[in-house]
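> Below you will find the structure I want to go over with you.
The values are calculated or read from the model by the stated rules, or taken from the named source; none is laboratory data. No experiment lies behind these values; they were computed from the predicted model shown. Note: ideal-geometry Cβ built from the backbone for every residue, glycine included; neighbour counts use all protein chains shown. We work out accessible area using only protein heavy atoms, side chains counted, and drop any ligands, DNA or RNA first. Shrake-Rupley method; radii C 1.70, N 1.55, O 1.52, S 1.80 Å.
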Amino acid sequence: MWDWKYVFEILPQLLSALKMTVWVTLCAFVVALIIGLLLAFAARSKFKPLSLITKGIIEFLRNTPLLVQVFFLYYSLPLLTGISIPAFYAGVIGLGLHYSTYLSEVYRSGIEGVPKGQWEAATALNYTKSQTWRSIILPQAVPPIIPVLGNYLIVMFKETPILCAITLVEMMLTAKNIVSQSFRAFEPYTLVGILFLIISYIASLLVQRLEKRLNLQRGK
């Protein structure tokens, strides 16, 4: 059943699509990192309306399917606004927004892990809020959560096949197009699975190595 000649014929197409898959993952991850941090700040705000609205947005995005959110951005939003969003940007925004809600909780755990004395020291030194966050809190809160952030990057990478539903030409849609032309499904879909496995496994090893290094630096 396995045809090596056919495999080598379609492999370049899948590897090319892998570049798009990795690129959309990285861009979405940057969006998730930035928006997740903003959500974490807003959720901790002493201004109750802002805090409540932020928590409501987080719960809404987290408890609705990613596929529905991506469909809304790509198909429904243009009908409401008249502005068409290319599949790549709809995928990046959808994936980034969805996982920003999870990263906001990761940031929250990191921030809450900073000893209370650090906040008191910043107050004693008469630091402004921005100086406190930039110079004291974030440098201590972020390093311990880096491995968790890395794991979410891997999860986002494995979620990218959803984006084939909005015609983004990543690996899954490329495999589907190959199957529709050749009527051979075994090799294309198996190769996609293998490529996802290889990249995810290598990334997980890197995350584990990074976690060990951070633990050594913290004396654990």
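> Of the numbered conditions (1) more than 18 Å from V169 (Cα to Cα); (2) modelled with pLDDT of 95 or more; (3) of a type outside the set (K, R), W2 satisfies every one except a single condition; which is it?
Just one mismatch for W2, condition (2).
> Could you say whether any residue in the range 129-149 is of a type in the set (D, E, K, R) and free of Cβ contacts under 8 Å to residues at least 24 places away in the same chain?
Within the range 129-149, the first condition is being of a type in the set (D, E, K, R), and the residues that meet it are 129, 134.
Now restrict to residues that are free of Cβ contacts under 8 Å to residues at least 24 places away in the same chain: 129, 134.
Yes, the conditions are met somewhere in the range 129-149.
> Another question about this same structure. Return yes when L153 is closer than 26 Å to G110 by Cβ and in contact with a Lys or Arg (Cβ under 9 Å, 6 or more places away or on another chain) and no when it is not. Lay out the reasoning, then the answer.
Values: closer than 26 Å to G110 by Cβ: yes; in contact with a Lys or Arg (Cβ under 9 Å, 6 or more places away or on another chain): no.
The answer is no for L153.
> Does at least one position in the range 171-184 carry a residue that is in contact (Cβ under 8 Å) with a residue 12 or more places away in the chain, open to solvent by 20 Å² or more (accessible area, probe 1.4 Å), touching a helix residue (DSSP H, G or I) at 6+ places or on another chain (Cβ under 7 Å) and not hydrophobic (A, V, I, L, M, F, W, C)?
Filtering the range 171-184 down to residues in contact (Cβ under 8 Å) with a residue 12 or more places away in the chain leaves 171-176, 178, 182, 184.
Cutting the leftovers down to open to solvent by 20 Å² or more (accessible area, probe 1.4 Å) gives us 172-173, 176, 182, 184.
Checking which are touching a helix residue (DSSP H, G or I) at 6+ places or on another chain (Cβ under 7 Å) leaves us with 172-173, 176, 184.
Those still in the list that are not hydrophobic (A, V, I, L, M, F, W, C) too: 176, 184.
Yes: the range 171-184 contains one or more residues that are in contact (Cβ under 8 Å) with a residue 12 or more places away in the chain, open to solvent by 20 Å² or more (accessible area, probe 1.4 Å), touching a helix residue (DSSP H, G or I) at 6+ places or on another chain (Cβ under 7 Å) and not hydrophobic (A, V, I, L, M, F, W, C).
> Moving to a separate point now. Of the residues that sit in the range 39-54 and are in a helix (DSSP H, G or I), of a type outside the set (A, V, I, L, M, F, W, C) and open to solvent by less than 100 Å² (accessible area, probe 1.4 Å), which one is farthest from L103 (Cα to Cα)?
The initial filter retains those residues of the range 39-54 that are in a helix (DSSP H, G or I), namely 39-43, 48-54.
If we keep only those that are of a type outside the set (A, V, I, L, M, F, W, C) as well, we get 48-49, 51, 54.
Going one step further and asking which of them are open to solvent by less than 100 Å² (accessible area, probe 1.4 Å), we end up with 49, 51, 54.
On the way: P49: 22, S51: 17, T54: 14 Å.
Per the criteria, the residue is P49.
Listed here are the residues, each with its yes/no results for (1) out of contact with any Gly (no Cβ under 7 Å at 6 or more places or on another chain); (2) over 25 Å from M1 (Cβ atoms).
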| site | (1), (2) |
| --- | --- |
| G113 | yes, yes |
| L125 | yes, yes |
| I146 | yes, yes |
| F157 | yes, yes |
| S182 | yes, no |
| L191 | yes, no |
| I198 | yes, no |
| V207 | no, yes |
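> Out of the residues in the range 63-85 that are under 19 Å from P161 (Cα atoms) and open to solvent by less than 70 Å² (accessible area, probe 1.4 Å), state the one that is nearest to the chain's Cα centre (by Cα). Step through it out loud before you land on a result.
Let us first name the residues in the range 63-85 that are under 19 Å from P161 (Cα atoms), namely 64-75, 85.
Those left that are additionally open to solvent by less than 70 Å² (accessible area, probe 1.4 Å): 64, 66, 69-70, 73-74, 85.
Numbers: T64: 16, L66: 12, Q69: 14, V70: 14, L73: 17, Y74: 18, I85: 20 Å.
Among those residues, the one meeting the criterion is L66.
> Looking at I166, I162, which is the one that is closer than 21 Å to F29 by Cα and open to solvent by 40 Å² or more (accessible area, probe 1.4 Å)?
Numbers: I166 fails: open to solvent by 40 Å² or more (accessible area, probe 1.4 Å).
Only one candidate qualifies: I162.
> Please pick out the residue among L153, L138 that is assigned to a helix (DSSP H, G or I), of a type in the set (A, V, I, L, M), surrounded by 15 or more Cβ atoms within 10 Å (Cβ to Cβ) and modelled with pLDDT of 95 or more. It would help to see each step written out before you state the result.
Working: L138 fails: modelled with pLDDT of 95 or more.
Among L153, L138, only L153 is assigned to a helix (DSSP H, G or I), of a type in the set (A, V, I, L, M), surrounded by 15 or more Cβ atoms within 10 Å (Cβ to Cβ) and modelled with pLDDT of 95 or more.
> Any residue in the range 198-220 that is under 29 Å from L18 (Cα atoms) and loosely packed, with under 13 Cβ neighbours inside 10 Å sitting within a Cβ distance under 8 Å of a residue that is hydroxyl-bearing (S, T, Y) and modelled with pLDDT of 85 or more? List the pairs, counting only those 6 or more apart or interchain.
none
> Still on this model: Look at L173 and say whether it is closer than 16 Å to T21 by Cβ and not in a helix (DSSP H, G or I). Can you show your working first?
Numbers: closer than 16 Å to T21 by Cβ: yes; not in a helix (DSSP H, G or I): no.
No.
> Can you tell me which residues in the range 73-104 are over 23 Å from E170 (Cα atoms) and at pLDDT 95 or above? So that I can check it myself, show each step before the final result.
Initial filter on the range 73-104 (over 23 Å from E170 (Cα atoms)): 79-83, 101-104.
Within the range 73-104, T101, Y102, L103, S104 meet the criteria.
> So, in the range 185-197, how many residues would count as being surrounded by 19 or more Cβ atoms within 10 Å (Cβ to Cβ) and more than 15 Å from L15 (Cβ to Cβ)?
Of the residues in the range 185-197, 0 are surrounded by 19 or more Cβ atoms within 10 Å (Cβ to Cβ) and more than 15 Å from L15 (Cβ to Cβ).
> Oh, and also: Picking from T132, T123, which residue would you name as being more than 30 Å from Y201 (Cβ to Cβ), modelled with pLDDT under 95, open to solvent by less than 70 Å² (accessible area, probe 1.4 Å) and hydroxyl-bearing (S, T, Y)?
Details: T123 fails: open to solvent by less than 70 Å² (accessible area, probe 1.4 Å).
Checking each option against the conditions leaves just T132.
> Moving to a separate point now. From (1) over 26 Å from R44 (Cβ atoms); (2) part of a helix (DSSP H, G or I), pick out the condition that doesn't hold for Y99.
(1)
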